[in-house]
1. Suppose we filter 88, 117 for residues that are in contact with a strand residue (DSSP E or B) (Cβ under 6 Å, 6 or more places away or on another chain) and either under 25 Å from residue 26 (Cα atoms) or acidic (Asp, Glu) (or both); which single one remains?
2. What number goes with the only condition from (1) closer than 23 Å to residue 169 by Cα; (2) outside any loop (DSSP other than H, G, I, E, B); (3) among the hydrophobic types (A, V, I, L, M, F, W, C) that residue 221 does not pass?
3. Being touching a residue at least 40 places away in the same chain (Cβ under 8 Å), within 16 Å of residue 206 (Cβ to Cβ) and of a type in the set (Phe, Trp, Tyr) is the filter here; which residues of region 98-145 pass it?
4. Failed condition for residue 85, given (1) within 16 Å of the chain's Cα centre (by Cα); (2) more than 18 Å from residue 10 (Cβ to Cβ), with all others met?
5. Looking at residue 82 and the list (1) closer than 22 Å to residue 225 by Cβ; (2) part of a helix (DSSP H, G or I); (3) not aromatic (Phe, Trp, Tyr), which single condition is not satisfied?
6. Give just the number: which of (1) more than 25 Å from residue 45 (Cβ to Cβ); (2) within 20 Å of the chain's Cα centre (by Cα); (3) of a type in the set (D, E, K, R) does residue 158 not satisfy?
7. Examine region 268-290 for a residue that is among the small types (Gly, Ala, Ser) and assigned to a loop (DSSP other than H, G, I, E, B), and state whether such a residue exists.
8. For region 20-79, which positions are charged (D, E, K, R) and within 29 Å of residue 194 (Cα to Cα)?
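The values are calculated or read from the model by the stated rules, or taken from the named source; none is laboratory data. Worth saying up front: this structure is predicted, and the values here are computed from it rather than measured. Quick reminder, even Gly has a Cβ in these numbers, built from the backbone with ideal geometry, and neighbours come from all protein chains shown.
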Amino acid sequence: MEHSTFYRTIEIDGLTIFYKEAGPKDAPTLLLLHGLPSSSRMFESLFARLSDRYHLVAPDYPGFGHSSWPDPKKFAYTFDHIAAIMNHFTEALGLPRYTLYMQDYGGPVGFRMVLAHPGRIEALIIQDAVAHDEGLGANWKTRRAFWADRAANESALRTNLLSLGTTRTRHVGNDPNVERHNPDLWTDEFYFLNQPGQGDVQSDLFYDYRTNVDAYPKWQAWLREKQPRLLVIWGKYELSFDSSEPEAYRRDVPKAEVHIVDGGHFALDTAADQIAQLVGSFMSRERAVGA
């Protein structure tokens with residue numbers, strides 16, 4: 001039987017952090033880290049399919065979803081800062097060990113959490129998140145120009161990253177069967193991106209994305225040295241990142257499980273059953289190994 005999902009808030013570092021939680025607390029924990037411009041909402045399909053067997057926790061980052069949106073003039077929107085808050089969040093909830101599920105921005109947040117507290121990590125699940133420079137595809141040209149000269153390229157960056165067209169493409173990608181994609185997903189996200197102050201929040205955080213590229217060698221070195229249990233899930237209609245990225249992870253961790261699924265950047269939109277089955281099987285094997 002599915003366990004009820006609870007919608008909770010907790011005070012972390014002076015901020016209200018919203019999170020969803022479901023499943024038996026004595027079961028293995030899945031900590032689900034969302035991407036841009038989504039929130040914990042993107043994991044609803046996994047909550048519906050996995051909460052009978054696992055303890056699921058999905059927070060909203062500061063500046064996203066139902067968590068606090070502090071003023072960028074008073075709050076540093078950096079991946080270091082968000083990762084630190086997420087580490088404090090896990091400590092406040094009493095989560096000593098967990099499997100990290102990282103999608104998009106969840107990658108840079110999660111890898112920082114891994115390197116800060118490697119002993120807390122039971123396994124990694126990476127879904128459409130990048131840890132190799134070659135994984136950033138052709139549409140990152142404008143974004144790299146923004147990192148090189150923010151003042152000259154901020155307007156172009158906002159159009160490239162935050163437009164309705166880009167928000168739609170993150171979901172649909174190059175899927176020829178557009179009719180199976182719910183347009184509410186991207187119109188709701190576009191509405192969120194147009195709330196007062198959101199442009200500044202997302203521009204600040206994306207300007208800091210350049211620090212992720214600088215950190216990729218550290219993340220790769222950790223993967224190669226530690227050889228963690230790793231599941232890589234990738235949408236075959238993904239256009240945000242390059243299709244070479246899944247195999248780049250396998251080069252770092254040869255025993256990684258790599259699966260290409262019938263979806264785009266937000267592959268859970270259309271491949272939730274397949275992804276839930278992959279995650280459930282992976283978690284079961286991980287538990288058997290740890291038993």
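1. Going through 88, 117 in turn, just one is in contact with a strand residue (DSSP E or B) (Cβ under 6 Å, 6 or more places away or on another chain) and either under 25 Å from residue 26 (Cα atoms) or acidic (Asp, Glu) (or both): 88.
2. (1)
3. Hit for region 98-145 is 105, nothing else.
4. In the conditions (1) within 16 Å of the chain's Cα centre (by Cα); (2) more than 18 Å from residue 10 (Cβ to Cβ), residue 85 misses (2) alone.
5. Failed condition: (1).
6. (2)
7. No: zero hits.
8. Residues satisfying the conditions are 20, 21, 41, 44, 60, 71, 73, 74.
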